[in-house]
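Enquirer: My questions all concern the structure below.
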């Protein structure tokens, strides 16, 4: 709705522009091409269809549906994720497409899988999942479920009365006894009792930490002794072992794994028996108290599920545990080997600590571009706005407490600098458009227009800083002197979005094309005496035909005038900076310069000379441009 309102406001404003003004004001496309989080579809076919219908009715054209189980759904970067069977996910995607067809509208369906980092599966009914289900190959121990409940019962018996989850089940005493014997022998109960004593002796009452510590020890011991693995892995190990003893099979290990991942466990077991491999393997022993199967998540599983979902989705998204270009390439190549034109999506998530991904700054900068080359056409940040809003609010609240209303003034200066529509809040929300409706409805008799006299909107139109337009006017004089045909546009922006470094650009305009003629990268800094310093980090005249024509001198004069600078510092100066400094002294713009302060040139500004050059009559400025005004030469100190 906010985007559609912005579109209405823009249409109203442009309807009152001349053709020339419209050409000079590019149209912003506010159409809400949103891909919404449809979660798991929230259940069965009717729920999925109803959700898609509601999205369509409010103008949302895209929806991502994931393969997690409703009710226990987690953020894609949290532990404990439970997947639904492959057929259930396909039905969700198919139901979404069916609803779009019923409504006669197009839409983008994104099929997401969390199988790269998931640990559980809701059921084993779909043959396509079975090759990734983990099973025990040693039965001489209690089931995972019984042992887990036995741990809860033992903790309750130690005195943790609130731990009573085992009472929700009906486990026989014989089964509990078998589990107790094994847990005691594995050292799990010793770990449990030690953790419980430490917690109680320290005055703690929260048993979650005790359980987490104990369950970690239990799962490590249980999975090791159960020799937990997938059925294809279990058979592959037998093949490899017997091959070392000289046996020959119809499959190599690699061929077996490829075959076993393409069929059900039942069919794979039948083929294994034909090869003389009668393997003991049971996935039921590894099921959790909730009945979930343990699975081997990873890229291979994500590829498998995505290939099977691809016919029902416009885009495929593999949720990942971290940002990794090699994994993304492996996934993309596997999908495109079967579906060459399949569109892919990638979550550039704030849940990742990007400084722990092993990427350099340059690699992070290029990461979205490299993804695009692999076919990831929809690259997004899931809750980047949330973090930006939070950081901005924290920074502003702190600044407000420390600097009072100067904090708000600084914010408004930044809004003016970047040309943000937020600098005029009453216009942003459509004040002028609503006034237009009021005037039309009342035959222009209304005296209650919101944007009329008395509105603070006009305050935000006041020019409180020296505008870039002034330099454009100076450049018009300069162009006439040097017969430069292209018109010049000036922009002043952050050097990189969000950076404190600023960049003054002079852009040569040739028809609809623009090229950067010159730039200065700098930072305005106040010293301890509140004197303004321009810290110049870089300067360039990109068009070599414009050099030695005082273009850079004009840009410096503008910056000094705008910011009221008394010093100009050139950091890590180049030969061009050295030459620039000498020429600025000769022109009287700098009074002196010190080049003996490490890797920096410190130039003192001749403020009277700059004021003279900035006078509205333009006499001194014209003389500077035309090189006709005699200026006393001053040597650098």
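The values are calculated or read from the model by the stated rules, or taken from the named source; none is laboratory data. For clarity, every value in this text was computed on a predicted model and none was experimentally measured. Here the Cβ positions follow ideal geometry from the backbone for every residue, glycine too, while neighbour counts run over all protein chains shown.
Enquirer: Going through 210, 163, 248 one at a time, which residue ends up being surrounded by 19 or more Cβ atoms within 10 Å (Cβ to Cβ), modelled with pLDDT under 95 and outside any helix (DSSP H, G or I)?
Expert: The match here is 163.
Enquirer: Given the conditions (1) under 14 Å from residue 219 (Cα atoms); (2) surrounded by 15 or more Cβ atoms within 10 Å (Cβ to Cβ); (3) free of Cβ contacts under 8 Å to residues at least 40 places away in the same chain, and given that residue 154 satisfies all but one, which numbered condition is not satisfied?
Expert: Only one criterion is unmet by residue 154, namely (1).
Enquirer: Checking the conditions here, which among 507, 554, 501, 546 is touching a residue at least 12 places away in the same chain (Cβ under 8 Å) and in contact with a helix residue (DSSP H, G or I) (Cβ under 6 Å, 6 or more places away or on another chain)?
Expert: From the options 507, 554, 501, 546, the qualifying one is 554.
Enquirer: Answer yes if at least one residue in region 44-59 is within 24 Å of residue 350 (Cα to Cα), surrounded by 18 or more Cβ atoms within 10 Å (Cβ to Cβ) and modelled with pLDDT of 85 or more, and no otherwise.
Expert: Looking for residues that are within 24 Å of residue 350 (Cα to Cα), surrounded by 18 or more Cβ atoms within 10 Å (Cβ to Cβ) and modelled with pLDDT of 85 or more, one finds none in region 44-59, hence no.
Enquirer: Please pick out the residue among 593, 623 that is modelled with pLDDT under 95, more than 42 Å from the chain's Cα centre (by Cα) and part of a strand (DSSP E or B). Before you say what the answer is, go through the steps one by one.
Expert: Details: 623 fails: part of a strand (DSSP E or B).
After applying the criteria, what remains is 593.
Enquirer: If the requirement is being outside any helix (DSSP H, G or I), under 41 Å from the mean Cα position of the chain (by Cα) and outside the structural domain of residue 214 (by TED's automatic domain parsing), which of these qualifies: 100, 134?
Expert: 134
Enquirer: Something else about it: Checking the structure you have, find out if any residue of region 142-159 is assigned to a loop (DSSP other than H, G, I, E, B), farther than 21 Å from residue 281 by Cα, assigned by TED's automatic domain parsing to the domain that holds residue 186 and over 31 Å from the mean Cα position of the chain (by Cα).
Expert: yes
Enquirer: Name the residue, out of 437, 454, that is modelled with pLDDT of 80 or more and out of contact with any helix residue (DSSP H, G or I) (no Cβ under 8 Å at 6 or more places or on another chain).
Expert: None of the other options fit; the residue is 437.
Enquirer: From (1) more than 21 Å from residue 14 (Cβ to Cβ); (2) surrounded by 13 or more Cβ atoms within 10 Å (Cβ to Cβ); (3) over 38 Å from the mean Cα position of the chain (by Cα), pick out the condition that doesn't hold for residue 436.
Expert: If we test residue 436 against (1) more than 21 Å from residue 14 (Cβ to Cβ); (2) surrounded by 13 or more Cβ atoms within 10 Å (Cβ to Cβ); (3) over 38 Å from the mean Cα position of the chain (by Cα), just (1) comes out false.
Enquirer: Residues of region 185-207 being part of a helix (DSSP H, G or I), modelled with pLDDT of 90 or more and over 15 Å from residue 148 (Cβ atoms), which ones?
Expert: Here is the first cut: in region 185-207, the residues part of a helix (DSSP H, G or I) are 185, 188-201.
So of that shortlist, the ones also modelled with pLDDT of 90 or more come out as 185, 188-200.
Residues satisfying the conditions are 185, 190, 193, 194, 195, 196, 197, 198, 199, 200.
Enquirer: In region 596-609, which residues are at pLDDT 90 or above and within 48 Å of the chain's Cα centre (by Cα)?
Expert: 600, 601, 602, 603, 604, 605, 606, 607
Enquirer: Could I ask something else about it? Residue under question is residue 174, and the condition is that it be within 22 Å of residue 221 (Cα to Cα) and surrounded by fewer than 12 Cβ atoms within 10 Å (Cβ to Cβ); does it hold?
Expert: Values: within 22 Å of residue 221 (Cα to Cα): yes; surrounded by fewer than 12 Cβ atoms within 10 Å (Cβ to Cβ): yes.
For residue 174, the condition - within 22 Å of residue 221 (Cα to Cα) and surrounded by fewer than 12 Cβ atoms within 10 Å (Cβ to Cβ) - is met.
Enquirer: Search region 17-28 for residues being without any contact (Cβ under 8 Å) to a residue 12 or more places away in the chain and surrounded by 10 or more Cβ atoms within 10 Å (Cβ to Cβ), and hand back the single one that is farthest from residue 489 (Cα to Cα).
Expert: If we take residues in region 17-28 being without any contact (Cβ under 8 Å) to a residue 12 or more places away in the chain and surrounded by 10 or more Cβ atoms within 10 Å (Cβ to Cβ), then 17 is farthest from residue 489 (Cα to Cα).
Enquirer: Right, another one. Here is a check on your reading of the model: is residue 508 exposed (fewer than 15 other Cβ atoms within 10 Å of the Cβ) and at pLDDT below 95?
Expert: No, not satisfied.
Enquirer: Then there's this: Which one of these does residue 538 not meet: (1) in a helix (DSSP H, G or I); (2) surrounded by 13 or more Cβ atoms within 10 Å (Cβ to Cβ)?
Expert: With (1) in a helix (DSSP H, G or I); (2) surrounded by 13 or more Cβ atoms within 10 Å (Cβ to Cβ) applied to residue 538, the lone miss is (1).
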